[in-house]
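> One structure coming up, written as structure tokens, with questions to follow.
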Amino acid sequence: MGKPVVHLSDDDIAVLKESSLLVGRTLAEVARHIAPGVTTEALDRMAETFIRDNGGVPGFKGLYGCPSTLLISVNEEVVHGLPGKRVLKEGDVASVDCGVLMNGLYGDSAYTFMVGEVAPAVKQLLQVTLECLELGVAQAVSNNRTGDIGHAIQQHAEAHGYGVVRELVGHGVGRKLHEAPEVPNYGRRGHGSKLQQGMVLAIEPMINMGSKEVKQLGDGWTVVTRDGKPSAHFEHNVAVRPGKSEVLSTFSYIEDVLKERGMALEKRSAVRS
Ligand code: MG
Ligand code: MG
């Protein structure tokens with residue numbers, strides 16, 4: 001389907017990893033400051049300053065007319081929420097998506113945060129979505145296909161009765177934020193684009209607590225669930241390797257901060273190694 005798949009050298013992948021790691025450190029700053037009473041635009045300003053202070057450029061800002069450094073999607077917002085005057089409140093969940101361009105290569109990663117105490121059912125949605133990401137990442141090995149990634153994600157989400165968003169998908173990442181191939185979060189084993197060494201994928205399950213149906217709001221950006229139930233979103237950048245994929249981004253900076261604050265998601269590993 002159109003665009004050729006880009007293969008990056010190991011040197012390029014090392015540069016891209018630096019961008020991905022700066023995204024992780026930026027999201028850790030978000031983790032440090034997210035709380036009831038904080039506005040989404042305050043988080044956005046902080047993230048932009050942090051990225052520029054660390055030698056990067058916000059990857060989303062100006063791209064497709066995006067006005068912000070972060071995309072912050074609260075509760076029933078799935079993705080592409082624009083930061084603004086909205087004040088976060090106790091019990092919210094906020095998916096924070098961030099891109100960095102540094103030395104010509106993009107990093108693109110997202111994490112869904114709990115704001116204060118969150119309902120157990122919503123917390124489970126976050127945990128399962130994180131597990132979906134882990135299961136998808138494990139499939140990003142040479143000679144697999146994008147359908148193997150999507151299948152692993154879809155199976156796990158649907159086993160919990162959740163809806164897998166169809167309209168938005170993961171993607172290749174490199175000198176452009178969005179490269180071929182598309183990486184859907186649903187699919188059939190053995191179908192889709194073949195994965196090869198040198199491909200770097202942004203794998204990003206968007207999982208709804210209720211039905212898979214979404215719609216876009218009048219702002220032309222925010223995508224929300226049609227049933228108004230919450231949605232979660234986690235994203236990693238992953239280099240396709242033989243045998244075992246290499247995760248270039250990291251949540252470890254975020255998790256360190258969340259642990260300090262007593263706000264971490266309990267890890268239940270979904271992947272048997
Ligand atoms: Mg992203
Ligand atoms: Mg992405």
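> It is to be established whether one or more residues within the range 169-189 are over 17 Å from Ser109 (Cβ atoms) and of a type in the set (Asp, Glu). It would help to see each step written out before you state the result.
If we filter the range 169-189 for residues that are over 17 Å from Ser109 (Cβ atoms), which is where we start, we get 175, 180-182, 184, 186-189.
Subsequent filtering for residues that are of a type in the set (Asp, Glu) retains 182.
Yes: the range 169-189 contains one or more residues that are over 17 Å from Ser109 (Cβ atoms) and of a type in the set (Asp, Glu).
> I'd like the residue in the range 195-208 that is within 12 Å of ligand 1 (Cβ to nearest atom) and part of a loop (DSSP other than H, G, I, E, B) and, out of all such residues, is farthest from Ser109 (Cα to Cα).
Out of the qualifying residues, it is Pro205.
> Tally time: how many residues in the range 159-173 are within 12 Å of ligand 2 (Cβ to nearest atom), buried (at least 19 other Cβ atoms within 10 Å of the Cβ) and part of a loop (DSSP other than H, G, I, E, B)?
2
> Right, something else. In the range 188-218, how many residues are surrounded by 23 or more Cβ atoms within 10 Å (Cβ to Cβ), closer than 15 Å to Glu246 by Cα and out of contact with any Asp or Glu (no Cβ under 6 Å at 6 or more places or on another chain)?
Final tally of qualifying residues: 5.
> In this structure, is Ser211 more than 16 Å from ligand 1 (Cβ to nearest atom), touching a residue at least 12 places away in the same chain (Cβ under 8 Å), within 24 Å of Asp148 (Cβ to Cβ) and among the hydroxyl-bearing types (Ser, Thr, Tyr)?
no
> While we're on this one: Report whether or not Glu90 is buried (at least 20 other Cβ atoms within 10 Å of the Cβ), acidic (Asp, Glu) and modelled with pLDDT of 95 or more.
no
> Just to verify a result, which residue in the range 219-230, among those that are away from ligand 1 (no atom under 14 Å from the Cβ) and within 21 Å of Val128 (Cα to Cα), is surrounded by the fewest Cβ atoms within 10 Å (Cβ to Cβ)? Step through it out loud before you land on a result.
Narrowing the range 219-230 to residues away from ligand 1 (no atom under 14 Å from the Cβ): 219-220, 222, 224-230.
Of the ones still in play, those that are also within 21 Å of Val128 (Cα to Cα) are 224-230.
Details: Val224: 22, Thr225: 23, Arg226: 14, Asp227: 14, Gly228: 10, Lys229: 18, Pro230: 25.
So the residue we want is Gly228.
> Scan the range 256-273 for residues that are outside any loop (DSSP other than H, G, I, E, B) and either surrounded by 21 or more Cβ atoms within 10 Å (Cβ to Cβ) or without any contact (Cβ under 8 Å) to a residue 40 or more places away in the chain (or both) and jot them down.
Restricting attention to the range 256-273, the residues satisfying the condition of being outside any loop (DSSP other than H, G, I, E, B) are 256-260.
Listed by number, the residues that qualify are Lys259, Glu260.
> Taking the conditions exactly as written (within 16 Å of ligand 2 (Cβ to nearest atom), touching a helix residue (DSSP H, G or I) at 6+ places or on another chain (Cβ under 6 Å) and farther than 22 Å from Gly150 by Cα), does Leu101 satisfy them or not?
Details: within 16 Å of ligand 2 (Cβ to nearest atom): yes; touching a helix residue (DSSP H, G or I) at 6+ places or on another chain (Cβ under 6 Å): no; farther than 22 Å from Gly150 by Cα: yes.
Here the answer is no, as Leu101 does not meet what is asked.
> When you look at Asp219, is it charged (D, E, K, R), touching a residue at least 12 places away in the same chain (Cβ under 8 Å) and not in a loop (DSSP other than H, G, I, E, B), yes or no?
No: the conditions fail for Asp219.
The values are calculated or read from the model by the stated rules, or taken from the named source; none is laboratory data. In this text, all values refer to a predicted model and were calculated from it rather than measured experimentally. Positions of Cβ are backbone-derived with ideal geometry, glycine not excepted, and every protein chain shown enters the neighbour counts.
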